[in-house]
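J.: Please read through the structure below; I'll follow up with questions.
Here, each number is a calculation from the coordinates, and none is a lab measurement. All of these numbers come straight from a predicted model, not from anything done at the bench. For neighbour counting, all protein chains shown are included, and Cβ atoms are generated from backbone atoms with ideal geometry for every residue, glycine included.
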Ligand SMILES: Nc1ncnc2c1ncn2[C@@H]1O[C@H](COP(=O)(O)OP(=O)(O)OP(=O)(O)O)[C@@H](O)[C@H]1O
């Protein structure tokens, strides 16, 4: 299935243009469901492509969108044609304390290559260590003749809260409450400023496989600016939160907050596009593309730090390859030296579209993400007829490692249904696999790997504005020294060989064939002349030094030639991040469209659920209105009394 943000332009009207996008989903009766999420964008995108919404209890569904962690028993039930926006144990990345602990663990194994999170402690279990840290910081500051930073040397966050809730600052143990868990991290007091305002970046990252790791960074993102100028002097009269926190959810309440209501400008107010921010950085004479390479590097390393956990969980939880994908929101703070620091990773990054820029960016993001997920085009009739055999096979494989496909009882209607050719799938493939029963229905590890290789190749043509950051030219050489050994499968190395080395070999033999005089490609993996004098491990060490030491290597020109040769193609690709997302003269919708009622396809149970909810909402509104009416005279009296005073 191919998703397009253009589909949203037509979904409000009952026109031929809207049918162009909806007919296929409707014909194949594709479905989606949303659990613990009510994202309007996801719903609009699916309805715009003719997908029918079904209730959260319905197991026969094509796309499942979860807004909270999914239990592993539910993941075990996934069918090969289903797509779920989550991997098992990805909370290792999205729970603040677990993220920091995982990266710290990698740092203890691989050293400074993982130096991109601020020093941190988790209360109450690290209270002792934290007390020592408070004393150390005080001594350091007084020895340097300075004063403790205002509003605090440490920033404290509840480990499971969001949107800046419950954040405060601390300078000593007395500031830390007994109840936890809290993440206490060193406050990065020298942020890079934009027009004297602090900002952080929201970078969208899609993962389509954890082992082997396949990760993409979206070329469009957001920069969120604090609504008041940055100031670390205690005399500042400004409210701390509007100066030191950059969350949109907090700053939108500030009287100084300026909304970007314009589509003509990407750098207006306190929410900019990533591209606008990078162009600002470039105008200041800094290397914004190298900054993006460093951000890509910290993203890859964060994912690698949890690869072992996710791979272990996936082995027992996921029966089929390619059923899962995930979108993460990485929050990154950039300091004066242009070093990016990872603050946190969001499990379900906000898809709210409350400004025109959000609508434009996020609709494209979700269309591209669903394209990466590669939702198969299978008729519901085929799914219904194949499901019993597959379920049986799944239950059988639970009892024994190798299921015997010959013992499978196939639905007698199955063969008949398969005569109808499903769109996008060759009949011969289905017949061979399911009707003849001579192939196991549950793929073994090797088959799963082959399927992943095929899907990664397919993703190349479907990635839209996503940039694949792992694997790509040079990544195996650079990252294998800082990757954990995940066993004898060697999937990461083999995937690299399949999709990068083979492609390079094919390209170079084509080049030789077409032009004998052509010079050797700078994109080739290890063909660089620089490697003759340096071992690949040494180049890798140097690469990680370049990624971490921003003052030492402020621009590409300062990067040693051995590393520069490897990262030059990545650097070129990073131009994608700096481009404008709007085009002069184009008009863009300022908000999401209202889906016309005939396109709001819902199963009966789902429609009933929404009916009940509508009544509940109406009742709630009535109750609120009644309560407001009751309070009205009191408020008016209070206002009147104030006026008199
Ligand atoms: N170590 C730090 N140094 C400097 N500023 C920080 C630090 N940690 C957090 N901040 C600031 O506080 C804000 C909120 O932090 P964080 O994103 O970790 O919290 P959150 O409540 O989970 O927010 P979100 O809504 O993104 O989930 C950040 O956007 C950043 O501006």
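J.: What is the Cα convex hull volume of the range 107-172 when expressed per residue in Å³?
T.: Per residue, the Cα convex hull of the range 107-172 comes to 131 Å³.
J.: Here is a follow-up. How many percent of all Cα-Cα pairs in the range 219-334 sit more than 25 Å apart?
T.: 44
J.: Is the shape of the range 273-360 best called rounded, prolate or oblate, per the rule: a/c under 1.5 gives rounded, else a/b larger than b/c gives prolate, else oblate, with a ≥ b ≥ c the square roots of the Cα gyration tensor eigenvalues?
T.: Note, shape of the range 273-360 comes out oblate.
J.: Express the relative contact order of the range 126-276 as a whole percentage, based on alpha carbon pairs under 8 Å and six or more residues apart in sequence.
T.: Result for the range 126-276 is 18 percent.
J.: Apply the Kirkwood formula to the chain: the hydrodynamic radius equals the inverse of the mean of 1/r over all pairs of different alpha-carbon atoms; give it in Å with one decimal.
T.: Averaging 1/r across every pair of different Cα atoms and inverting gives 27.3 Å.
J.: Using a simple spin-label model with points 7 Å from Cα along the Cα→Cβ vector, what separation in nm is obtained for residue 506 and residue 36?
T.: It is 4.1 nm.
J.: Efficiency by 1/(1 + (r/R0)^6): what FRET value for residue 232 and residue 119, r their Cβ-Cβ distance, R0 = 25 Å, to the nearest 0.05?
T.: Efficiency computed from Cβ-Cβ geometry: 0.85.
J.: Once fully extended, how much extra length lies between residue 252 and residue 19, figured as 0.36 nm per residue of separation less the alpha-carbon to alpha-carbon distance?
T.: Stretched fully, the residue 252-residue 19 segment lengthens by 80.0 nm.
J.: Residue separation times 0.36 nm, minus the C-alpha to C-alpha distance between residue 630 and residue 354: what's the value?
T.: So the chain would gain 96.2 nm between residue 630 and residue 354.
J.: For n ≥ 4 DSSP H runs only, could you compute -39500 (n - 2.57) per run for the chain, divide by its residues and tell me the 222 nm figure to the nearest 500?
T.: Calculated from helices alone, the mean residue ellipticity at 222 nm is -13000 deg cm²/dmol.
J.: Given that compact globular proteins tend to follow 2.2 N^0.38 Å, what is the ratio of the alpha-carbon Rg of the range 307-347 to that value?
T.: 1.71
J.: Report the label-to-label distance for residue 101 and residue 128 in nanometres (one decimal), using points 7 Å from each Cα along the Cα→Cβ vector.
T.: About 1.7 nm, to one decimal.
J.: How high is the FRET efficiency between residue 533 and residue 138 when r is their beta carbon distance and R₀ equals 60 Å, given to the nearest 0.05?
T.: FRET efficiency, residue 533 to residue 138: 0.80.
J.: When you count, for each residue, the other Cβ atoms within 10 Å and take the mean per peptide, how do 131-144, 443-456, 556-569 rank with the highest first?
T.: Descending mean neighbour count gives 556-569, 443-456, 131-144.
J.: Estimate the FRET efficiency between residue 188 and residue 486 by the formula 1/(1 + (r/R0)^6), using the beta-carbon distance for r and 51 Å for R0, to the nearest 0.05.
T.: Efficiency, rounded to the nearest 0.05: 0.95.
J.: As an exercise, find the ratio Rg/Rh for the range 85-142 from alpha-carbon atoms, using the Kirkwood inverse-distance average for Rh.
T.: Reported Rg/Rh (Cα atoms, Kirkwood Rh): 1.08.
J.: Within the range 11-41, name every residue whose backbone N is under 14 Å away from a label modeled 7 Å from Cα of residue 60 along the Cβ vector.
T.: 28-32
J.: Compute the Rg/Rh shape ratio of the range 562-623: radius of gyration over Kirkwood radius, all on alpha-carbon atoms.
T.: 1.38
J.: Rounded to whole Å, give me the distance from the Cα center of the range 298-321 to that of the range 1-80.
T.: Using only Cα atoms to place each centre, the spacing works out to 26 Å.
J.: Then there's this: With a ≥ b ≥ c the root eigenvalues of the C-alpha gyration tensor of the range 169-241, is it rounded (a/c under 1.5), prolate (a/b larger than b/c) or oblate?
T.: Because a/c hits 1.5 or more and a/b fails to exceed b/c, the range 169-241 counts as oblate.
J.: Turning to a different aspect of this structure: Treat the count of other C-beta atoms within 10 Å as a stand-in for reagent exposure and order 267, 354, 492 from fewest to most.
T.: In order of increasing Cβ crowding within 10 Å: 354, 267, 492.
J.: Hey, what did the chain get for relative contact order, percent, Cα under 8 Å, at least 6 apart?
T.: 19
J.: Here's something else I'd like to know. If I stretch the segment between residue 575 and residue 612 completely, what's the gain in nm (0.36 nm per residue apart, minus their alpha carbon distance), one decimal?
T.: Result: 8.4 nm gained on full extension.
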